[in-house]
Amino acid sequence: MSPTPEALAAIRAWYRFDRAIASFNRQLRSQYGLTGEQLSIARILGESDCWSLSELRQRLTMHPATLGQALARLQAHGLVDIWPDQADGRRRMVRLTDQGREVIGTVPLVGPVRLRTMPADPDQLALLTQAFTLAVDIFGFAPYAGDPRVIDTSHQHDPAVPESQPESCDQAPLPSNSTVPNQAKGKS
């Protein structure tokens, strides 16, 4: 049985989307040494002067080890600084460096993180949400999809994420080549 014209059109659309992501990620890795996930985290870091790691984990709903590894790579590239909070030594703070701000200002704004800052038609967003949800199900990826709330894409106030800037943002961070603290590696 051969696929219907509608099925072929969906397959072509999927491959076009998949190729675009792969091509962008190759260019990103080649020019900046970054992955799409690392770039997305850097862009979100740029939305505030600094974050505590716990605030960042709450905002992104990422596993601590995954976030810690991404931050370690960003720090190794000189794009973020991580330092202990002087008020509470158990807390770690993170912010973009000037070089990190330069990189996120240079790399084209593509992918889901674009929706954090670029206006989009609500009807198109609803269709996009429906299409991605259907794609996960129709293509058989549902068992691999995990929790759909993995990344927080809202700008609305979340009571679990304080809006106020932590006082320790003014503290001088460790040099960019310093080691990532235990908490950034997923240890609490």
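Evaluating Thr106 against the criteria (1) under 20 Å from Ala22 (Cα atoms); (2) surrounded by 12 or more Cβ atoms within 10 Å (Cβ to Cβ) leaves one unmet condition, (2). Residues being closer than 27 Å to Trp14 by Cβ, in a helix (DSSP H, G or I) and at pLDDT 85 or above are entirely absent from the range 47-60. For Leu34, indicate whether it is over 30 Å from Leu134 (Cβ atoms), assigned to a helix (DSSP H, G or I) and out of contact with any Lys or Arg (no Cβ under 7 Å at 6 or more places or on another chain). No; evaluated as a whole, the condition is false for this residue. Which residues, counting only those in the range 45-95, are touching a Lys or Arg at 6+ places or on another chain (Cβ under 9 Å), closer than 23 Å to Val107 by Cα and surrounded by fewer than 20 Cβ atoms within 10 Å (Cβ to Cβ)? Those that are touching a Lys or Arg at 6+ places or on another chain (Cβ under 9 Å), closer than 23 Å to Val107 by Cα and surrounded by fewer than 20 Cβ atoms within 10 Å (Cβ to Cβ): Gly46, Glu47, Ser48, Asp49, Gln69, Ala72.
Of Ile44, Ile11, which residue is out of contact with any His (no Cβ under 6 Å at 6 or more places or on another chain), β-branched (Val, Ile, Thr) and touching a residue at least 40 places away in the same chain (Cβ under 8 Å)? Step through it out loud before you land on a result.
Numbers: Ile11 fails: touching a residue at least 40 places away in the same chain (Cβ under 8 Å).
After ruling out the rest, the residue left standing is Ile44.
So that you can scan it fast, the table gives a plain yes or no per residue for (1) in a helix (DSSP H, G or I); (2) at pLDDT 85 or above; (3) of a type in the set (D, E, K, R):
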residue: Val110; (1), (2), (3): no, yes, no
residue: Arg114; (1), (2), (3): yes, yes, yes
residue: Ala120; (1), (2), (3): no, yes, no
residue: Thr133; (1), (2), (3): yes, yes, no
residue: Asp152; (1), (2), (3): no, no, yes
residue: Glu163; (1), (2), (3): no, no, yes
residue: Pro175; (1), (2), (3): no, no, no
residue: Val180; (1), (2), (3): no, no, no
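The values are calculated or read from the model by the stated rules, or taken from the named source; none is laboratory data. Since we're looking at a predicted model, the values are computed, not measured. Using ideal geometry, Cβ is built from the backbone for each residue, glycine included, and neighbour counts are taken over all protein chains shown.
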